[in-house]
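Trainee: There's a structure below that I have some questions on.
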Amino acid sequence: GAIETDLRVARQLDQPTFMIEAMTAAAIRRTAYENAAWGLAHKVFAQKDVERLREVLRKADAEPIEFAGTMRGEAAIMLDTLQYIFGPISPGGTPKFNANRCREATGQTMGADRLGLGSRLVTDVAGTAKAILDAHVAASRKISPTFDEAGLREIQSAMNQMEQLNAVTKTLFFNAGAGAARVYLANVQAETLRR
């Protein structure tokens with residue numbers, strides 16, 4: 001019953017908006033599979049329970065896990081934050097960096113840190129938005145339940161390249177490549193245990 005509950009909870013989190021939800025779903029799923037394997041290895045289950053467990057696993061794993069939604073959600077959040085930091089735009093005006101809004105959104109001060117003058121000089125807001133979207137689309141195409149070392153490198157490269165674009169992306173996406181890689185690897189680990 002606990003294994004079935006865990007897998008149902010994980011399934012509810014399978015279309016997450018945030019990477020942390022995806023990581024949580026993978027961790028819950030991994031725990032359920034580890035418990036099932038432990039119970040089978042130690043002959044904890046009666047034969048009828050083994051049959052029920054097989055049925056639970058068949059139902060819980062009927063559909064593949066899809067992480068493109070997670071990357072779309074992360075991109076949307078960052079694009080909203082970018083718009084907030086460079087707004088409000090007056091009619092006929094152009095986007096201008098708003099230090100107070102940036103501080104509100106990121107918790108970063110405008111002292112001698114990575115935001116400083118560099119972020120105030122970011123003028124290609126549309127180019128920044130396109131880089132954010134392109135990186136998340138590229139990463140979403142590579143995240144899958146089967147491990148591929150080249151795919152992992154491509155995910156990290158796309159996210160790291162976006163992060164290094166300018167001072168604002170360095171602030172919004174600190175360590176983005178590692179975060180996306182962790183989601184990918186957590187998904188792979190859960191799938192490996194399931195198989």
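The values are calculated or read from the model by the stated rules, or taken from the named source; none is laboratory data. Just so it is clear, the model here is predicted, and its values are computed rather than measured. Cβ: placed from backbone, ideal geometry, glycine included. Neighbour counts: every protein chain shown. Remember, those area values only see protein heavy atoms, side chains included, never the ligands or the DNA or RNA. Shrake-Rupley method; radii C 1.70, N 1.55, O 1.52, S 1.80 Å.
Trainee: For a quick check of your reading of the model, give me the residue pairs whose first member lies in segment 183-195 and is closer than 20 Å to Q156 by Cα, whose second is open to solvent by 70 Å² or more (accessible area, probe 1.4 Å) and part of a helix (DSSP H, G or I), with beta-carbon atoms closer than 8 Å and at least 6 apart or on different chains.
Mentor: Short answer, once both residue conditions are applied: Y184/K142.
Trainee: Could you tell me how many of the residues in segment 140-170 are touching a residue at least 60 places away in the same chain (Cβ under 8 Å), touching a helix residue (DSSP H, G or I) at 6+ places or on another chain (Cβ under 6 Å) and closer than 20 Å to R72 by Cβ?
Mentor: Number of matching residues: 3.
Trainee: Looking only at segment 138-185, filter to residues that are among the hydroxyl-bearing types (S, T, Y) and closer than 24 Å to D124 by Cβ; which one of those is most open to solvent (accessible area, probe 1.4 Å)?
Mentor: Looking at the filtered set, the residue picked out is S157.
Trainee: Residues that are open to solvent by less than 80 Å² (accessible area, probe 1.4 Å), under 15 Å from the mean Cα position of the chain (by Cα) and modelled with pLDDT of 85 or more: does segment 119-132 have at least one?
Mentor: yes
Trainee: Which condition breaks for A180 when tested against (1) at pLDDT below 80; (2) closer than 30 Å to K59 by Cα?
Mentor: It is condition (1) that A180 fails.
Trainee: Within segment 39-58, which residues are assigned to a helix (DSSP H, G or I) and open to solvent by 80 Å² or more (accessible area, probe 1.4 Å)?
Mentor: L40, Q47, K48, E51, R52, R54, R58
Trainee: Next up: Restricting to segment 14-38, name every residue that is over 13 Å from R194 (Cβ atoms), free of Cβ contacts under 8 Å to residues at least 60 places away in the same chain and surrounded by fewer than 16 Cβ atoms within 10 Å (Cβ to Cβ).
Mentor: F18, I20, W38
Trainee: Also, I was wondering about something else. Out of curiosity, is M23 outside any loop (DSSP other than H, G, I, E, B) and closer than 30 Å to K96 by Cβ?
Mentor: Against the criterion (outside any loop (DSSP other than H, G, I, E, B) and closer than 30 Å to K96 by Cβ), M23 does not qualify.
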